[in-house]
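Take a look at the structure set out below.
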Amino acid sequence: MAEGLLDALYRDKYEARSAGVEPAEVNSYAIKVMAEISIDISKHRSKSIIEFHGQNFDYVITVCDHAKETCPFFPGEEVFHKGFRDPLEFKGNEDEILEKVRQVRDEIRVWIEKTFGGES
């Protein structure tokens, strides 16, 4: 969701790429709630950080505590961290899960706008 939001909001300033320490399928609930705000992440795929080994980035952003603890060091990059709840861990019926995923989506959006909206 963070990659989709950053790309949709600030693609003129940033090139977003995302990866995980434990890649999995893109969460179907995340795809649904992003579509609600006209952002299509249905073609995104979960990538391993290994795919980006040796590449240089201006910023490294971690959005869960597990990633912050296990993410490899990227020399020279500015590192940002903000922990969000992991939608894969949500329990309940479909409506309850969707509501929790919406909350995370909205929290990520607010954080991205606050953190990166003023950058040039």
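The values are calculated or read from the model by the stated rules, or taken from the named source; none is laboratory data. The structure presented is a predicted model; accordingly, all values stated were derived computationally and were not measured. Because the Cβ atoms are built from the backbone with ideal geometry, glycine has one as well, and the counts that use them run over all protein chains shown.
Points worth noting:
- Among the candidates 10, 59, the residue that is surrounded by 13 or more Cβ atoms within 10 Å (Cβ to Cβ), modelled with pLDDT of 80 or more, among the aromatic types (Phe, Trp, Tyr) and in contact with a strand residue (DSSP E or B) (Cβ under 8 Å, 6 or more places away or on another chain) is uniquely 59.
- The C-beta contact set for region 75-96 (first residue farther than 21 Å from residue 3 by Cβ, second residue modelled with pLDDT of 85 or more and surrounded by 10 or more Cβ atoms within 10 Å (Cβ to Cβ), distance under 8 angstrom, 6+ apart or interchain) comprises 91/97; 92/100; 96/90.
- Residues of region 4-30 that turn out to be over 22 Å from residue 52 (Cα atoms) and touching a residue at least 12 places away in the same chain (Cβ under 8 Å), as a count: 3
- Test for residue 101: is it surrounded by 14 or more Cβ atoms within 10 Å (Cβ to Cβ) and at pLDDT below 90: no
- Whichever residue in region 10-28 is hydroxyl-bearing (Ser, Thr, Tyr) and not in a loop (DSSP other than H, G, I, E, B) and, among such residues, is nearest to residue 113 (Cα to Cα): 10
- Residue 33 vs. criteria surrounded by 17 or more Cβ atoms within 10 Å (Cβ to Cβ) and in contact with a strand residue (DSSP E or B) (Cβ under 6 Å, 6 or more places away or on another chain): no
- Within this structure, residue 24 passes the test of being loosely packed, with under 11 Cβ neighbours inside 10 Å and either modelled with pLDDT of 95 or more or closer than 19 Å to residue 84 by Cα (or both).
- Comparison of 37, 50, 31 shows that the only residue that is at pLDDT 85 or above and in a helix (DSSP H, G or I) is 31.
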